[in-house]
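A quick write-up on the structure given underneath.
The values are calculated or read from the model by the stated rules, or taken from the named source; none is laboratory data. All of these numbers come straight from a predicted model, not from anything done at the bench. Neighbour counts are summed over all protein chains in view; Cβ atoms, including those assigned to glycine, are modelled from backbone coordinates with ideal geometry.
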Amino acid sequence: MSGKGYQDLEVWQKSMDLVVMCYQVTKNFPKSELYGLASQLQRAAVSIPANIAEGRERKYSKEFIKHLSIAYSSLTELETHIQIAQRLDYISSEKTKSLLEITAEIGRMLNGLRKSLEKRNASDP
């Protein structure tokens, strides 16, 4: 695949920012959640830009599409962890809203990129 590297992709950049936000928010979780919800939330967040990067550097766009799908799945997992944390009063409603707005934006970007790649693949001979 030609074009930009993964670090040039806006969706990767925003996903990296989301990782930092998630690590910051989990700092305030109870110590009992260190290997529980905090770890799950962090892992799901990290998986998003990691899969975007891995897929982008694959040889074929079909593989990139697969990794974008995995990134999207991690995004929905992250949204669930955020909502669980909010229900447990580990994250405020305002912070939850802010994080979910960002995840929604990243979700739209992932879907748009995936659809663009699928359209391009369909038009290739």
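Things to note:
- Hits in the range 24-53 (condition: over 12 Å from L78 (Cβ atoms) and either modelled with pLDDT under 95 or surrounded by fewer than 16 Cβ atoms within 10 Å (Cβ to Cβ) (or both)): Q24, K27, N28, P30, K31, S32, E33, L34, Y35, G36, S39
- Filter pass, T80 being closer than 15 Å to L110 by Cβ, out of contact with any Phe, Trp or Tyr (no Cβ under 7 Å at 6 or more places or on another chain) and not charged (D, E, K, R): no
- Exactly one residue among L68, L117, L110 is closer than 18 Å to G5 by Cβ, assigned to a helix (DSSP H, G or I) and at pLDDT below 95, and that residue is L117.
- Of note, A85 does not satisfy the criterion of being under 30 Å from E118 (Cα atoms) and assigned to a helix (DSSP H, G or I).
- Checking I84, I91 one by one, the residue that is surrounded by fewer than 16 Cβ atoms within 10 Å (Cβ to Cβ), β-branched (V, I, T) and touching a residue at least 12 places away in the same chain (Cβ under 8 Å) is I84 and no other.
- The single residue among S47, S39 that is in contact (Cβ under 8 Å) with a residue 12 or more places away in the chain and either in contact with an Asp or Glu (Cβ under 8 Å, 6 or more places away or on another chain) or assigned to a helix (DSSP H, G or I) (or both) turns out to be S47.
- Of the residues making up the range 57-70, those that are closer than 12 Å to L110 by Cβ and either among the hydroxyl-bearing types (S, T, Y) or touching a Lys or Arg at 6+ places or on another chain (Cβ under 9 Å) (or both) are F64, I65, H67, L68, S69.
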